[in-house]
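Enquirer: Below you will find the structure I want to go over with you.
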Amino acid sequence: MTLATAERAEAFAPAPAVPDPLEDLACELDAIGAAVRADLGDRDRAYIKRVITAQRRLEIAGRALLVGSRFAPAAVAGTAVLTLAKVLENMEIGHNVMHGQWDWMRDPAIHSSTWEWDAASTAASWQHAHNYQHHTYTNVLGRDRDLGYSAMRVEPEQPWHPVYLTQPVYFFLMAAVFEWGIALYDMELDAVKRGEKSREQARTEIVALLRKARAQLLKDYVAFPALAGRRGAPRALAANVVANVVRNVWVHTIVFCGHLPEGAETFTEEEFQSETRGGWYRRQLLGSCNLEGSRLFHLLTGNLSFQIEHHLFPDLPSNRYREIAPKVRAVCERHGLPYNSGRLGRQYRSVYKQVVRLAFPGGA
């Protein structure tokens, strides 16, 4: 069990001696998760190793094309391949490995306690903010800090401020620099003012972020452009900028489309406090939205296109979400619960419509 999983388990406290009206729902979903865990084995191990190998080969190929490119087509190809490698590393590998999905293999090279991804956030700060805070308090108003990341008004219950009038514009700016915004946000420096975090801990986290940021900037914007030589450096530098921006926009798109389209529900602190195990499952179902597409599309989303399944079973290997999705949908139908799923374009339009509507007062 990872630290974040342990924290989440400790935070979840079903009300004692109160019958769970959703006990059947909980039992059915528990059974789905248990069946997958009992079946994990060689094919899952082969899958993640195959994806990691493919990603590393793509990155090597992309950077080789950029270093050796003298013509525009090679530079364009190198940029595209490098972008693909960064998307795979961030979504299907980094996010899922750091979730502890592959810890069962007991492979120190592919483990949540040792993995450091190609993104600005340090693994430790991201795991606490995402694995623990977000997955414990999913869509709980005032507790889930990922609801708009304190920068967006995404629910009518959030107090309105004139700054939100500009959110239809900075929504896109936020997407372009998403990894850096998340890196700063995950440190939760405002907790120092509230007395919830010591200055020493904040200082340690800031130093860790600065070291990680320096390594990221030197790798993408100094070292690899320098390898391309004086004539090729500008082209290699531009390629790294494009690859990182496209990766950021893609991650931002998948994250927002998985949590904020119309139909995704939010919950109060009171509902959370009285929540049973079945209630926890219900909250994950109602607060998440799936995206429909091909196998390649699901791979490039890190299988977060199965956001419902991911929130129900965040520690299950991502390659299993596709096969359990029909079972989860069937459970929803039996219990009269919605299963929010749609194509990327429709969900994205839904998200942006909400961003524009809630930029103004009211918006219910």
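The values are calculated or read from the model by the stated rules, or taken from the named source; none is laboratory data. None of the values given here were measured: they were computed from a predicted structure. Cβ sites come from the backbone with ideal geometry, for glycine too, and all protein chains shown count toward neighbours.
Enquirer: Tally up the residues in segment 266-296 that are of a type in the set (A, V, I, L, M, F, W, C) and more than 23 Å from GLN354 (Cβ to Cβ), please.
Expert: Total meeting the criteria: 2.
Enquirer: Condition (residue is part of a loop (DSSP other than H, G, I, E, B), in contact with a strand residue (DSSP E or B) (Cβ under 9 Å, 6 or more places away or on another chain), among the polar types (S, T, N, Q) and in contact (Cβ under 8 Å) with a residue 60 or more places away in the chain) applied to segment 300-322: is it met by at least one residue?
Expert: Checked against the condition, which is being part of a loop (DSSP other than H, G, I, E, B), in contact with a strand residue (DSSP E or B) (Cβ under 9 Å, 6 or more places away or on another chain), among the polar types (S, T, N, Q) and in contact (Cβ under 8 Å) with a residue 60 or more places away in the chain, segment 300-322 yields at least one hit.
Enquirer: Residues GLY258, GLY342: which one is closer than 16 Å to THR138 by Cβ, of a type outside the set (A, V, I, L, M) and touching a residue at least 12 places away in the same chain (Cβ under 8 Å)? Don't jump to the end; show me each part of the working.
Expert: Numbers: GLY342 fails: closer than 16 Å to THR138 by Cβ.
Residue meeting the stated conditions: GLY258.
Enquirer: If you don't mind, there's one more thing I want to ask. Cβ-Cβ distance below 9 Å, separation of 6 or more or different chains: which pairs start in segment 66-79 with a residue that is touching a residue at least 40 places away in the same chain (Cβ under 8 Å) and under 15 Å from VAL242 (Cβ atoms) and end on one that is of a type in the set (A, V, I, L, M) and assigned to a loop (DSSP other than H, G, I, E, B)?
Expert: LEU66/ALA228; SER69/ALA228
Enquirer: Tell me yes or no: at least one residue of segment 294-310 is more than 30 Å from ASP42 (Cβ to Cβ) and surrounded by fewer than 21 Cβ atoms within 10 Å (Cβ to Cβ).
Expert: Here is the first cut: in segment 294-310, the ones more than 30 Å from ASP42 (Cβ to Cβ) are none.
No, the conditions are met nowhere in segment 294-310.
Enquirer: Here is a further query. Would you check which residues across segment 105-150 are part of a helix (DSSP H, G or I), aromatic (Phe, Trp, Tyr) and in contact (Cβ under 8 Å) with a residue 60 or more places away in the chain and list them?
Expert: From segment 105-150, those part of a helix (DSSP H, G or I) are 105, 123-136, 148-150; that's our starting set.
With the extra rule that they be aromatic (Phe, Trp, Tyr), the set shrinks to 126, 132, 149.
Selection gives TRP126, TYR132.
Enquirer: On the given criteria, is GLY100 farther than 19 Å from LEU237 by Cβ and assigned to a helix (DSSP H, G or I)?
Expert: no
Enquirer: A follow-up question, please. Kindly indicate whether ASN290 is on the phi > 0 side of the Ramachandran plot and crowded, with 22+ Cβ neighbours inside 10 Å.
Expert: no
Enquirer: Further question: Return the only residue of VAL169, VAL140 being within 15 Å of THR266 (Cα to Cα) and among the aliphatic types (A, V, I, L, M).
Expert: On the way: VAL169 fails: within 15 Å of THR266 (Cα to Cα).
Being within 15 Å of THR266 (Cα to Cα) and among the aliphatic types (A, V, I, L, M) holds for just one of VAL169, VAL140, which is VAL140.
Enquirer: Only residues in segment 192-206 that are aliphatic (A, V, I, L, M) count as the first member; pair them with residues that are loosely packed, with under 10 Cβ neighbours inside 10 Å and at pLDDT below 90, Cβ under 8 angstrom, at least 6 apart or cross-chain, and list the lot.
Expert: Matching pairs, first to second residue: VAL192/ARG199.
Enquirer: Can you pull out the residues in segment 251-299 that are out of contact with any Phe, Trp or Tyr (no Cβ under 9 Å at 6 or more places or on another chain), in a helix (DSSP H, G or I) and among the hydrophobic types (A, V, I, L, M, F, W, C)?
Expert: ILE254, LEU296, PHE297, LEU299
Enquirer: State whether the residues of segment 11-21 include one that is modelled with pLDDT of 95 or more, aliphatic (A, V, I, L, M) and in contact with a helix residue (DSSP H, G or I) (Cβ under 6 Å, 6 or more places away or on another chain). Lay out the reasoning, then the answer.
Expert: Start the filter on segment 11-21 by keeping residues that are modelled with pLDDT of 95 or more, which leaves none.
No.
This table checks each residue for (1) closer than 30 Å to TRP104 by Cα; (2) among the aliphatic types (A, V, I, L, M); (3) in contact with an Asp or Glu (Cβ under 9 Å, 6 or more places away or on another chain).
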position: ASN244; (1), (2), (3): no, no, yes
position: VAL249; (1), (2), (3): no, yes, no
position: PHE256; (1), (2), (3): yes, no, no
position: ARG283; (1), (2), (3): yes, no, yes
position: LEU296; (1), (2), (3): yes, yes, no
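So that you can scan it fast, the table gives a plain yes or no per residue for (1) over 20 Å from MET98 (Cα atoms); (2) touching a Ser or Thr at 6+ places or on another chain (Cβ under 7 Å):
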| position | (1), (2) |
| --- | --- |
| ARG283 | yes, yes |
| ASN290 | yes, yes |
| LEU296 | yes, no |
| PRO317 | no, no |
| LEU358 | yes, no |
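Enquirer: Another one. Of (1) surrounded by fewer than 18 Cβ atoms within 10 Å (Cβ to Cβ); (2) of a type outside the set (A, V, I, L, M); (3) more than 21 Å from the chain's Cα centre (by Cα), PHE224 satisfies all except one. Which?
Expert: Looking at each condition in turn, PHE224 falls short on (1).
Enquirer: Counting just the residues of segment 182-203 that are under 24 Å from the mean Cα position of the chain (by Cα) and assigned to a helix (DSSP H, G or I), which one comes out farthest from ALA151 (Cα to Cα)?
Expert: That would be ALA202.
Enquirer: For residues that are surrounded by 13 or more Cβ atoms within 10 Å (Cβ to Cβ) and basic (Lys, Arg), scanning just segment 177-216, find the one that is farthest from THR122 (Cα to Cα).
Expert: Among those that are surrounded by 13 or more Cβ atoms within 10 Å (Cβ to Cβ) and basic (Lys, Arg), it is LYS197.
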